[in-house]
Amino acid sequence: MTPPTGTHMRKHSVIESTPNSPLSRRPSFSRRSFLKVFSAAGAAACASAAKPAEAQNTEKQEELMTVLDISKCVGCGECVAACKESNAHKYPTVRKPIPKMFPPRVKVEDWSDKKDVDDRLTPYNWLYIQTAELEHDGEDFELNIPRRCLHCTNPPCANLCPWGAALKEDTGIVRIDEDICLGGAKCRTVCPWHIPQRQSGAGLYLDLLPRFAGNGTMLKCDRCYDKIAEGKEPACITACPEDIQTIGPRSMMIKHAKALAASMNGYIYGLDENGGTNTIYVSPVPFEKINNAIEKGRGRPNLAPVKNSMANEETLTSALIAAPLAGIAAGVLKIFSDARKEKQND
Amino acid sequence: MTNLIRKLWVPVMTLMAITGMGQMPIFKRYYVADIPGLAWLGEPFTVHWVHYAGAAVLMFMVAVITIRWFADREPLTTSGTLRITLLALLICTGYIRVVKNLPDIHFSPTFTMLIDWTHLLFAMLLGVAALWSARTGRRSYTKQTESLRRI
């Protein structure tokens, strides 16, 4: 099967995936309404918890996936600039002076005076270009790789956030609600690529116990969820002059990525990483080689193979199903055993 | 077996409380994870797995006790009813969260947040109720054991 053209897929995906998306709306919480959140959340949950089930039965939606052909990326940085411009209104407003943290081992992370940094991920730069110069099969390559959140299909950041601030939407978008996030950075710790970045001096923690709990707000690529909800493309895709990125329903994008990889005798990254993501990179060079060639470190994620972070939880879920059943069986056996003993004594 | 469950109850509930609190990144921040033998409390995934494993043990015990109670149908004390209700709510919200963590399953952001917060709320209320029961001599869950204590 010949994959459809990128342009066709992009238009098709937006039309297919956005109408009546029950979960693409942003929760209506703000810091000011924090104390009212239980009543508000309760009322909203009744509506929103019922709606998806109803909606999903009738109009099952596929998650959106992006495929990046890094053989085409020239590293012009148009996507990085477009991302900054498009998402500037989401960047945090920092209240200075930023409270000193207690205990002193907790460091303030302030990027508010370094908003122009674009050679790594920061709270103000959710997408940057990694470059790898390498040789493969006797040929020299200079590859540019746009790096941002991969939007995992079962995201550990959202699953392990104790506060419900990191979340996954029906569209497959994984994002952080900056009004709710306390900046504990657990999402960054559990993310295999350590994508989310912290900005201290902003967020809900300032209104709670600013010195003793929390440390700001976490920020990362939200794949322009607001644009997607309006039926538009993410800014990085629109701005790309080389059309390296394609967005569409997951099943279609997987076929496209595999066909693209086959056409260039290439390799894919992101399909199986961390149990599956909604971002696939396609490259003419093995990702092991690229991973060795790129600069890695804080804010500069790797391209190494990643095991499913949630695999143990999936296994332990079986124990959580079996345990009460075993308990019921043990309890019933004990009752019968006691009854038999009582009968024998009589 | 009931005696074993009685002995295990407080340690398992304590483990659940500690690993539940450990879902927030506080143990590393406040040096608890620096105490020899407690480094695992600073590892988010390990704390999560132990919370799951502890929940499985707890669910086994709850199932045994529930079946035994249905056989005897002893009337519950007020404090017992309160604690059992809170534990039931805690278990329900916990199971919903476990389901949410499975691949291909996710709930609305609002519902997920509601579950996270109510799970935390019920845990705190159960802790308060347990302390209140212990401090005021209302430890018994059933009226029969309460009257036996008084004899």
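Nothing in this text is a laboratory measurement; each read-out follows from the coordinates by a stated rule. Quick caveat, the model's predicted, so the values are computed rather than measured. Reconstructed Cβ throughout: ideal geometry from the backbone, glycine too, with neighbour counts over all protein chains shown.
What the table shows:
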quantity	calculated
For peptides B:8-17, A:194-203, B:23-32, B:104-113, sequence by mean Cβ density within 10 Å, most packed first	A:194-203, B:104-113, B:23-32, B:8-17
Percentage relative contact order, chain B, counting C-alpha pairs under 8 Å, at least six apart	23 percent
Cα gyration tensor shape for region A:172-233, rounded if a/c is under 1.5, else prolate or oblate	oblate
Neighbourhood charge, 10 Å Cβ-Cβ cut-off, centred on residue A:105 and excluding it, Lys, Arg +1 and Asp, Glu -1	+2
Residue pairs, from the table A:84/B:28; A:168/A:232; A:343/B:7; A:255/B:100, whose Cα atoms sit over 22 Å apart	A:84/B:28; A:343/B:7; A:255/B:100
Calculated FRET value between residue A:329 and residue B:132, using beta carbons and R₀ = 41 Å, to 0.05	0.75
Shielding score for A:314-322, defined as the mean number of other chain Cβ atoms within 10 Å	5
Cβ neighbours within 10 Å from other chains - mean over B:69-78	1
Peptide B:39-50 - average C-beta neighbours from other chains (10 Å radius)	3
For A:89, B:48, order by how many other beta-carbon atoms lie within 10 Å, fewest first	A:89, B:48
Ordering of A:116-122, A:79-85, A:232-238 by packing [mean C-beta count within 10 Å, highest first]	A:232-238, A:79-85, A:116-122
Rough spin-label spacing in nm, given labels placed 7 Å along Cα→Cβ, for residue B:66 and residue A:139	6.2 nm
Summed residue charge, Cβ within 12 Å of residue A:161's Cβ, Lys/Arg positive, Asp/Glu negative	+4
Stokes-Einstein diffusion coefficient of the protein assembly as shown, Kirkwood radius over Cα pairs, 4 °C, 1.567 mPa s, in µm²/s	52 µm²/s
Diffusion constant of region B:75-144 at 37 °C, which comes from Stokes-Einstein with the Kirkwood Cα-pair radius and 0.692 mPa s, µm²/s	247 µm²/s
Taking only Cα atoms of chain B, radius of gyration then Dmax in Å	17.2, 56
Per residue convex hull volume, Cα atoms of region B:1-73, in Å³	89 Å³
